[in-house]
Amino acid sequence: MSDEELIKGCVKGNEKYQFEVYKRYSPKMFGVCLRYCANREEAQDVLQDGFIKVFNKIDTFRFTGSFEGWIRRIMINTAIRNKYIHFRSHELNNIDIIEPPSVDEKITSDLSYTSLMKLVNELPHGYRIVFNMFAIEGYSHKEISEMLQIQEATSRSQYLRARKMLRDKLEKIESNEFKNK
């Protein structure tokens, strides 16, 4: 069944089509939610809330981009809104810009995706959100600043600090592996 058929069925409120959309896209979207949430339970809640929004707004999908991308954006916005309400603070809006650290590609080449995502999930919440949005989802700092209602410079700073923290953690892992050899 094509996305267009699924969407038209969902617009009519047909649960069979809604279930098919959920079945087709929930595994990928759960991964998206996990990147923005502290744990699996929270990610599951965001996934559920996100799909409720998808089905409530499905009649607004205009077939100009990918359906999966449209769902992904709803999931990201849902995760951010759920978490960000508790996150906004004076400290976030007053962070200075720092110079970007150089990234050692060799360090990350031996690390599995799961291990890397575990390290990303250990980042402070603001760093993790901005890092995910910029490095993984591909949003620009301008888009991130608009979505999170922060300054563009804050987005850049959060991203650069997240990269530095990840690099420090990766270097520590590499150092420990070298000592154990």
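The values are calculated or read from the model by the stated rules, or taken from the named source; none is laboratory data. Quick caveat: nothing in here was measured; it's all calculated off a predicted structure. Heads up, the Cβs are rebuilt from the backbone with ideal geometry, glycines too, and the neighbour counts pull from every protein chain shown.
Couple of notes before you dig in:
- From the list K16, K57, K23, the lone residue that is part of a helix (DSSP H, G or I), within 23 Å of N132 (Cβ to Cβ), outside the structural domain of V120 (by TED's automatic domain parsing) and out of contact with any Ser or Thr (no Cβ under 6 Å at 6 or more places or on another chain) is K57.
Yes or no, residue by residue, for (1) at pLDDT 90 or above; (2) in a helix (DSSP H, G or I); (3) among the charged types (D, E, K, R):
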position: V120; (1), (2), (3): no, yes, no
position: F131; (1), (2), (3): yes, yes, no
position: F134; (1), (2), (3): yes, yes, no
position: E143; (1), (2), (3): yes, yes, yes
position: M147; (1), (2), (3): no, yes, no
position: T154; (1), (2), (3): yes, yes, no
position: S157; (1), (2), (3): yes, yes, no
position: M165; (1), (2), (3): yes, yes, no
position: K169; (1), (2), (3): no, yes, yes
